[in-house]
Amino acid sequence: MKSRIALSVVFVLMAATAFAADTAANQSDAQKSFTTMKSLAGEWEGPVTVPEMPEMSGGKMHLSLRVTSRGNALVHEFQEAGTPFDATKYDHPVTMLYVDGDQLTLIHYCDAGNRPRMIGKASPDGKTVEFELKDISGSTEMHMHHSVFTIVDANHHTEDWTFMMKDKPIHAHFDLTRKN
């Protein structure tokens with residue numbers, strides 16, 4: 001009797017393992033990229049460098065990345081490091097990432113009052129996800145235009161964001177270390 005139960009458990013485990021492997025193998029590129037992005041969930045801090053505006057460089061930022069909606073969305077929120085979170089303040093840019101059909105989509109709820117939508121693609125090694133502008137809801141005069149997330153290791157990643165100020169690109173580089 002014990003051998004039948006043990007054999008049944010082995011078959012169930014084998015089937016579950018095969019199903020998990022098959023599901024991972026059948027993920028779309030967008031879903032694989034999103035899984036990579038979700039691995040960044042947590043609290044991060046690090047300096048920002050803005051070559052075109054040196055006075056903005058050197059400040060330390062705090063980033064919160066939170067998986068929500070039963071794993072279907074990732075909330076990305078920046079604020080100045082060392083400042084308490086205040087839900088009544090309006091200076092925390094929010095970005096949402098999710099899979100829409102066969103595309104990894106990023107919508108940035110911008111301080112400029114618009115909502116750029118970008119489509120992401122992972123690099124062949126899976127360590128970088130680059131987002132290109134698809135369209136914008138609201139004014140296009142000043143807007144977030146491009147972003148790149150690069151995973152260095154489990155506790156370090158960088159983000160590069162390009163903001164268009166009319167026709168002039170402003171680049172911000174964030175060098176972030178995991179805090180939890």
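Quick notes on this structure:
- Taking the longest Cα principal axis of the chain as reference, the axis of helix 29-38 is set at about 80 degrees.
- Helix 2-25 and the long axis of the chain differ in direction by around 30°, with both axes built from C-alpha atoms.
- Residue (of Ile107, Gly58, Thr88) at the positive-pole extreme of the range 55-131, dipole from beta-carbon charges: Ile107
- Candidates per trypsin sites (Lys or Arg not before Pro) in the range 140-180, loop by DSSP, up to 14 other Cβ within 10 Å: Lys166, Lys179
- Accessible carbon and sulfur surface of the chain relative to its total accessible area, %, 1.4 Å: 58 percent
- Spin-label model distance (nm) - Glu43 vs Thr140, 7 Å beyond Cα toward Cβ: 4.1 nm
- Only helices enter the 222 nm calculation for the chain: every DSSP H run of n ≥ 4 contributes -39,500 (n - 2.57), and dividing by all residues gives -6500 deg cm²/dmol, rounded to 500.
- Overall, the anisotropy analysis places the range 26-112 in the prolate class: the square-rooted eigenvalues a ≥ b ≥ c of its C-alpha gyration tensor yield a/c not less than 1.5, with a/b exceeding b/c.
- A full extension of the chain between Asn26 and Asn155 corresponds to an added length of 43.6 nm, given 0.36 nm per residue minus the alpha carbon distance.
The values are calculated or read from the model by the stated rules, or taken from the named source; none is laboratory data. None of the values given here were measured: they were computed from a predicted structure. Virtual Cβ from ideal backbone geometry, glycine too; neighbours counted across all protein chains shown. These area figures cover heavy atoms from the full protein model, side chains too; ligands, DNA and RNA do not enter into them. Shrake-Rupley method; radii C 1.70, N 1.55, O 1.52, S 1.80 Å.
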